[in-house]
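A.B. asks: One structure follows; several queries about it will come next.
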Amino acid sequence: MSNQRNVLLAANWKQNQLWDECEAFKTQLKKLCPQYWEAGFEPEVELLICPAFPYIGIIGNLLDDAEIYIGGQDVSRFGGGAYTGDVSAKMLSDSGCDYCIVGHSERRNLFGDTDAEIAVKLGQLRAEEIVPILCVGESLEQREADEAVSFTTGQLDQQKVELGKLKAGEFVVAYEPIWAIGTGKSATEADAQEMASAIRKWLVAELGKQYAAETQILYGGSVKPGNISWYVSQPDIDGVLVGGASLNAASFAQLAKACGM
Ligand code: PGA
């Protein structure tokens, strides 16, 4: 956490949460975090929910009067037209999204998203002024081979041109070691801080000090109420991207409280 950057608590709901679960989540969250529904509330801990595509509008309606952001989990490489199954950046924007996750390791590994395609997606999001949350992070083999930092900053190298077209503060980087996602094996705070610091150094070297000062860097991978404070207390970590522990409103509210809500 730093004084300069707000904390971002981002929920990645993946392929989870049906309509009644969305409604129950909202009802409970409003009880636990009522200040996000108060007029004029300016949160220092920013809350973001990224539901599956069909629920973006539903969550948007449910949280209409709350100071909580909505985001997509992915975006089409194409602007619109005959691309069955895809959802464009314009559609995300039109549905109320301010953010969009891009380059998540599940997209890279299960659906074959390449660095070149991720760069195109960043361009699509930029055109609609949607803030990308670019996910990077190494596999267990790469960590064991002592290649975690070089691999992860190498993923950033691949997006340098597109990131450089955005202004400082217009994108977020999420460090998500693949071996920690959904496995219950979270990174140590020292490993997470080491990587966040390497990412910030990369920002200084490749895009300049302003970018390094304003970019929120998140940690993601088995974050829970019991370990979140390890991460958000690190100087270069400005929040978390949470899957499993974000599905339940009580757990999400605990995460928000631990961030200093
Ligand atoms: P997890 O997922 O919190 O369930 O490990 C994190 C993510 O994939 O963003």
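A.B. asks: Which condition does Leu203 not pass, out of (1) in contact (Cβ under 8 Å) with a residue 12 or more places away in the chain; (2) part of a loop (DSSP other than H, G, I, E, B), if it passes all the others?
C.D. replies: Only one criterion in (1) in contact (Cβ under 8 Å) with a residue 12 or more places away in the chain; (2) part of a loop (DSSP other than H, G, I, E, B) is unmet by Leu203, namely (2).
A.B. asks: In the stretch 150-172, which residue that is touching a strand residue (DSSP E or B) at 6+ places or on another chain (Cβ under 7 Å) and part of a loop (DSSP other than H, G, I, E, B) is nearest to Tyr231 (Cα to Cα)? Before the answer, list the steps.
C.D. replies: Here is the first cut: in the stretch 150-172, the residues touching a strand residue (DSSP E or B) at 6+ places or on another chain (Cβ under 7 Å) are 152, 155-156, 159, 170-172.
So of that shortlist, the ones also part of a loop (DSSP other than H, G, I, E, B) come out as 159, 170-171.
Values: Gln159: 25, Glu170: 22, Phe171: 20 Å.
Going through the qualifying residues, I end up with Phe171.
A.B. asks: Could you list all residues from the stretch 7-29 that are within 15 Å of Gly60 (Cβ to Cβ) and either among the β-branched types (Val, Ile, Thr) or in a helix (DSSP H, G or I) (or both)?
C.D. replies: In the first step, residues of the stretch 7-29 are kept if they are within 15 Å of Gly60 (Cβ to Cβ); the result is 11, 13, 17, 19, 22-23, 25-26, 29.
Scanning the stretch 7-29 gives Trp19, Cys22, Glu23, Phe25, Lys26, Leu29.
A.B. asks: Those residues that are of a type in the set (Gly, Ala, Ser), closer than 21 Å to Gln15 by Cβ, within 13 Å of the ligand (Cβ to nearest atom) and in contact (Cβ under 8 Å) with a residue 24 or more places away in the chain, I need them from the stretch 218-255; list them, please. Can you show your working first?
C.D. replies: Within the stretch 218-255, the first condition is being of a type in the set (Gly, Ala, Ser), and the residues that meet it are 220-222, 226, 229, 233, 239, 243-246, 249-251, 253.
Cutting the leftovers down to closer than 21 Å to Gln15 by Cβ gives us 220-222, 243-246, 249, 251.
With the extra rule that they be within 13 Å of the ligand (Cβ to nearest atom), the set shrinks to 220-222, 243-246, 251.
Listed by number, the residues that qualify are Gly220, Gly221, Ser222, Gly243, Gly244, Ser246, Ser251.
A.B. asks: Being away from the ligand (no atom under 16 Å from the Cβ), over 24 Å from Gln15 (Cβ atoms) and hydrophobic (A, V, I, L, M, F, W, C) narrows it down to one residue among Leu163, Leu125; which is it?
C.D. replies: Leu163
A.B. asks: Could you tell me whether the stretch 200-213 includes any residue that is away from the ligand (no atom under 15 Å from the Cβ), over 17 Å from Gln159 (Cβ atoms), surrounded by 15 or more Cβ atoms within 10 Å (Cβ to Cβ) and at pLDDT 95 or above?
C.D. replies: Of the stretch 200-213, the ones away from the ligand (no atom under 15 Å from the Cβ) are 200-213.
Subset that is over 17 Å from Gln159 (Cβ atoms): 209-210, 213.
Next cut, surrounded by 15 or more Cβ atoms within 10 Å (Cβ to Cβ) only: 213.
So of that shortlist, the ones also at pLDDT 95 or above come out as 213.
Scanning the stretch 200-213 turns up at least one residue that is away from the ligand (no atom under 15 Å from the Cβ), over 17 Å from Gln159 (Cβ atoms), surrounded by 15 or more Cβ atoms within 10 Å (Cβ to Cβ) and at pLDDT 95 or above.
A.B. asks: Return the residue satisfying two criteria in turn: it lies in the stretch 93-115 and is out of contact with any helix residue (DSSP H, G or I) (no Cβ under 7 Å at 6 or more places or on another chain) and aliphatic (A, V, I, L, M), and of such residues it is farthest from Ile130 (Cα to Cα).
C.D. replies: It comes out as Leu110.
A.B. asks: I'm told Glu144 meets every condition in (1) over 25 Å from Glu67 (Cα atoms); (2) more than 16 Å from the ligand (Cβ to nearest atom); (3) modelled with pLDDT of 95 or more except one. Can you identify the failing condition by its number?
C.D. replies: Of (1) over 25 Å from Glu67 (Cα atoms); (2) more than 16 Å from the ligand (Cβ to nearest atom); (3) modelled with pLDDT of 95 or more, only one is false for Glu144: (3).
A.B. asks: Here's a follow-up. Just name the residue that is nearest to the ligand (Cβ to nearest atom) out of those in the stretch 173-198 that are under 15 Å from Tyr231 (Cβ atoms) and among the β-branched types (Val, Ile, Thr).
C.D. replies: Here is the first cut: in the stretch 173-198, the residues under 15 Å from Tyr231 (Cβ atoms) are 173-177, 180-181, 185-197.
Of the ones still in play, those that are also among the β-branched types (Val, Ile, Thr) are 173, 181, 188.
Working: Val173: 13, Ile181: 4, Thr188: 15 Å.
Going through the qualifying residues, I end up with Ile181.
A.B. asks: Enumerate the pairs (first residue in the stretch 167-182 and under 19 Å from Ser246 (Cα atoms); second residue anywhere and of a type in the set (S, T, N, Q) and near the ligand (Cβ under 9 Å from one of its atoms)) with beta-carbon separation below 8 Å, excluding pairs fewer than 6 apart on the same chain, so at least 6 apart or on different chains.
C.D. replies: Cβ pairs passing all conditions: Glu176/Ser105; Ile178/Ser105; Ala180/Ser186; Ala180/Ser222; Ile181/Ser105; Ile181/Ser222; Gly182/Ser222.
The values are calculated or read from the model by the stated rules, or taken from the named source; none is laboratory data. As the structure is a computational prediction, the values presented were derived from the model and not from experiment. Ideal geometry is used to build each Cβ from the backbone, glycine not excepted, and the neighbour counts take in all protein chains shown.
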